[in-house]
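Asker: Take a look at this one; I'll ask things after.
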Amino acid sequence: MDWTDRGIVLSARRHGETSLIVQLLTEAHGRHAGLVRGGASSRARGLYQPGNLLAAHWRARLAEHLGNFSCEMVTGSAAALMDDGGKLAALSAAAALAEAALPEREPHADVFDSLSALIAALGAAAAAADWAPAYVRFELGLLASLGFGLDLARCAATGANDNLAFVSPKTGRAVSLSAGEAWRSKLLALPRFLIAEAPDEKRPARGEVGQGLALTGYFLERHVFAPHGKGLPAARVRLAERLAKA
């Protein structure tokens, strides 16, 4: 049993004195764990930081075994974010969500692509106003890949696609301002940057990132974590708190 694939490091946990159990989000093999012998050494430690893209080779005697990874660096993204607490918090939250939400060894190439896009946005963006919307869109894509995508294209009540302002917490469908005004207290806010088509409208207004995180967080908790008696990962909670303060 062996394969070679590209993988983004989600986590690396100590195993014994010198080894690591590494979780990768691979392009073709989904979320996959493996033992890295000697991975805890000072020479190899920097390789297995969350967010790094690796060329990974996995080998095991039987398919159901944990198996062993041998990896080489493709792109080292983690080091470039170490001096920015906000970006590092976003990377940690995305990695923790992917690890906790995705079934093991089930291919999700779309999530691999969206996490890659988020990491690129974190490396390129200068401020939270630029990378935070990309993070919210990553969570929307994660929901869709797991089968819980939101329908933000048109109003659930009228069928129109203009003046959308809310999302139904029951159906995950958008609701227009006029149709939802009477039920405002029971609906979730839909930030404009998630449905805007014009480039100048895709930058979030004040408070909209928080609305976006509340929206995706609600459905992640409801559909992905609550059925297993769990809540959102702690790293995701810390990111929301950090952005709320900012």
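Read-outs: derived from the displayed coordinates by stated rules, not from any lab. Because the structure is predicted, anything quoted here is derived from the model rather than measured. A quick note on method: Cβ atoms are made from the backbone with ideal geometry, for glycine too, and the neighbour counts reach across all protein chains shown.
Asker: Can you tell me the length gained on complete extension of the stretch Leu66 to Ala144, counting 0.36 nm per residue apart and subtracting the Cα distance?
Answerer: On the way: separation 78, 0.36 × 78 = 28.08 nm, distance 2.84 nm.
Roughly 25.2 nm would be gained on extension.
Asker: Here's a follow-up. Could you order peptides 155-167, 25-37 by the average number of other Cβ atoms within 10 Å of their residues, highest first? The partial results should precede the final answer.
Answerer: Details: 155-167: 16.6, 25-37: 20.2.
Highest mean packing first, the order is 25-37, 155-167.
Asker: How far apart, in nm, are two points set 7 Å out from the Cα along the Cα-to-Cβ line at Lys170 and at Leu152?
Answerer: With each label point 7 Å from Cα toward Cβ, the separation is 2.3 nm.
Asker: Quick one: putting +1 on the C-beta of Lys and Arg, -1 on the C-beta of Asp and Glu, what dipole do you get for region 2-76 around its Cα centre, in Debye to the nearest 20? All intermediate terms of the calculation are to be shown ahead of the outcome.
Answerer: Numbers: 9 positive and 6 negative charges, 49 e Å.
So the dipole magnitude of region 2-76 works out to roughly 240 debye.
Asker: Also: Can you compute the charge dipole magnitude of the chain about its Cα centre, using +1 on each Lys and Arg Cβ and -1 on each Asp and Glu Cβ, nothing else charged? Give it in debye, rounded to the nearest 20.
Answerer: Numbers: 27 positive and 24 negative charges, 131 e Å.
Using only the charged Cβ atoms, the result is roughly 640 debye.
Asker: Can I ask one more? State whether region 119-163 is rounded, prolate or oblate according to the following rule on the C-alpha gyration tensor (a ≥ b ≥ c being the square roots of its eigenvalues): a/c under 1.5 gives rounded; otherwise a/b larger than b/c gives prolate, and the remaining case gives oblate. Let's see the in-between values first.
Answerer: Details: a/c = 4.90, a/b = 1.81, b/c = 2.70.
Note, shape of region 119-163 comes out oblate.
Asker: Run the helix sum for the chain: -39,500 (n - 2.57) per DSSP H stretch of 4+ residues, divided by residue count, reported at 222 nm to the nearest 500 deg cm²/dmol.
Answerer: Details: 7 runs with 83 residues, N = 246.
The per-residue figure over the chain is -10500 deg cm²/dmol.
Asker: Using only Cα atoms, find the angle between the long axis of helix 128-145 and the longest principal axis of the chain, and express it within 0 to 90 degrees, rounded to the nearest 10.
Answerer: 80 degrees
Asker: Ok, one more. How tilted is helix 85-101 with respect to the longest principal axis of the chain? Cα atoms for both, answer in degrees (0 to 90, nearest 10).
Answerer: 80 degrees
Asker: If you don't mind, there's one more thing I want to ask. With label points built 7 Å along Cα→Cβ from the Cα atoms of Glu106 and Trp183, find their separation and express it in nm.
Answerer: Taking the simple label geometry, Glu106 and Trp183 are separated by 2.9 nm.
Asker: State log₁₀ I(q)/I(0) for region 2-76 at q = 0.11, 0.15, 0.23 Å⁻¹ as given by the Debye formula over alpha-carbon point scatterers of equal weight, solvent excluded.
Answerer: Once normalised to I(0) and log-transformed, intensities are -0.22, -0.41, -1.00.
Asker: Let me ask you something else. Just round it to a whole percent: the fraction of Cα-Cα distances in the chain exceeding 31 Å. Spell out each step's value before the answer.
Answerer: Numbers: 8459 of 30135 pairs.
When every Cα pair of the chain is considered, 28 percent fall beyond 31 Å.
Asker: List the lysines whose alpha-carbon lies under 30 Å from that of Lys170, not counting same-chain residues fewer than 8 positions away?
Answerer: Within the straight-line cut-off, Lys170 pairs with Lys186, Lys202, Lys230, Lys245.
Asker: Also, I was wondering about something else. Going by average Cβ density within 10 Å per residue, which order do the peptides 125-137, 48-60, 173-185 take, highest to lowest?
Answerer: On the way: 125-137: 18.5, 48-60: 20.2, 173-185: 16.0.
So the peptides 125-137, 48-60, 173-185, ranked by packing, come out 48-60, 125-137, 173-185.
Asker: May I ask you to derive the relative contact order of the chain, considering only C-alpha pairs under 8 Å and at least 6 residues apart, and to give it as an integer percent? Present the calculation step by step, with values, prior to reporting the outcome.
Answerer: Values: 445 pairs, mean separation 37.8, N = 246.
Answer for the chain is 15 percent.
Asker: Could you grab the Rg to Rh ratio for region 39-84? Cα atoms only, Kirkwood for Rh. Kindly include the intermediate steps, with their values, before the conclusion.
Answerer: Values: Rg = 12.9 Å, Rh = 12.0 Å.
Rg divided by Rh gives 1.07.
Asker: Tell me, in nm to one decimal, what length is gained between Ala226 and Ala28 on full extension, where the rule is 0.36 nm per residue of separation less the Cα-Cα distance?
Answerer: Gain on stretching Ala226 to Ala28: 68.5 nm.
Asker: Looking at Val224, Val136, Ser178, which one has the Cα that reaches farthest to the positive end of the dipole of region 133-246 (charges on Cβ: Lys, Arg +1; Asp, Glu -1)?
Answerer: Of the options given, the answer is Val224.
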